[in-house]
Amino acid sequence: MTRSHPHAGRGRPPLPRGWRRRLARLPIAFFRVGLGPVFGRRLLLLHHTGRNSGLDRRVALEVVAHDAREGTWTLASGFGPKAAWYRNLRAAPKTTIQVGTRHYAVTAHFPNADEGAEIMARYARTRPRTARRLCSFMGFDVADGSADSYRRAGRRIPFVRLDAAPGQHVR
């Protein structure tokens, strides 16, 4: 049985408003006062430049995958390809991130749909509950929990891989 989702077919879930927005932005305040390590390697603070305003923007995002040896972090845009941070990275892919108390210069790369499928399948294996919640939030049916259902969802989720600048030691 396939459940109907309130956001299915509308492109993206609605942006949080009111207290939910304040709650969603709370990690940014943690990073600003030096409490980034509270999140371990699970969240990072992404700095991005507004494509119209040119202003410095920040958003705390969950890390889908991290490869310290390669110096990469992978993120998923839970609000789809129209999320401001995603569109801003498309316009200006060179930026910085903060993980814990460390800062890294990075360049954004945008995996294709097949790569996204494999990213989501790996994520579902390592974090099944979080992967299920992300897919549900975005309106994708993964009720059977199969790798194929996560691959189908991953083909439609916009992912971003952030590559550290050469010469940076990444932990």
Fill in the blank from the handout: Of (1) of a type in the set (A, V, I, L, M); (2) surrounded by 13 or more Cβ atoms within 10 Å (Cβ to Cβ); (3) at pLDDT 90 or above; (4) under 27 Å from SER136 (Cβ atoms), VAL38 fails just (2)
Exercise for the section: Output yes when any residue across segment 76-96 is in contact with a Gly (Cβ under 9 Å, 6 or more places away or on another chain), part of a strand (DSSP E or B), free of Cβ contacts under 8 Å to residues at least 12 places away in the same chain and more than 15 Å from VAL170 (Cβ to Cβ), and no when none is. Expected result: no
Exercise for the section: Looking at (1) part of a loop (DSSP other than H, G, I, E, B); (2) touching a His at 6+ places or on another chain (Cβ under 9 Å), find the lone condition where PRO111 falls short. Expected result: (2)
Problem - Filter pass, GLU70 being part of a strand (DSSP E or B) and at pLDDT below 95 - result: no
Exercise for the section: Determine the pairs where a residue that is of a type in the set (D, E, K, R), located within segment 101-115, has a partner that is surrounded by 16 or more Cβ atoms within 10 Å (Cβ to Cβ) and not in a loop (DSSP other than H, G, I, E, B) with Cβ atoms under 8 Å apart, the partner being 6 or more residues away or on another chain. Expected result: GLU115/PHE159
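Quickly run through segment 132-171 and pick out the residues that are assigned to a loop (DSSP other than H, G, I, E, B) and among the charged types (D, E, K, R).
So the first thing to find is which residues in segment 132-171 are assigned to a loop (DSSP other than H, G, I, E, B), and the list is 139-146, 155-158, 165-171.
Of everything in segment 132-171, those that are assigned to a loop (DSSP other than H, G, I, E, B) and among the charged types (D, E, K, R) turn out to be ASP141, ASP144, ARG155, ARG156, ARG171.
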Problem - Subset of segment 77-92 (residues that are surrounded by 19 or more Cβ atoms within 10 Å (Cβ to Cβ) and at pLDDT 95 or above) - result: TRP85, TYR86, ASN88, LEU89
Practice task
Taking ALA105 as the residue in question, decide whether it is under 26 Å from GLY40 (Cβ atoms) and within 15 Å of the chain's Cα centre (by Cα).
Solution key: no
Exercise for the section: Quickly run through segment 119-171 and pick out the residues that are aliphatic (A, V, I, L, M) and within 15 Å of GLU62 (Cβ to Cβ). Expected result: ILE119, MET120, ALA124, ALA131, LEU134, MET138, ILE157, VAL160, LEU162
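The values are calculated or read from the model by the stated rules, or taken from the named source; none is laboratory data. Every value quoted in this text rests on a predicted model; they were computed, and no experiment measured them. FYI the Cβ positions are ideal-geometry reconstructions off the backbone, even for glycines, and counts take in every protein chain you see.
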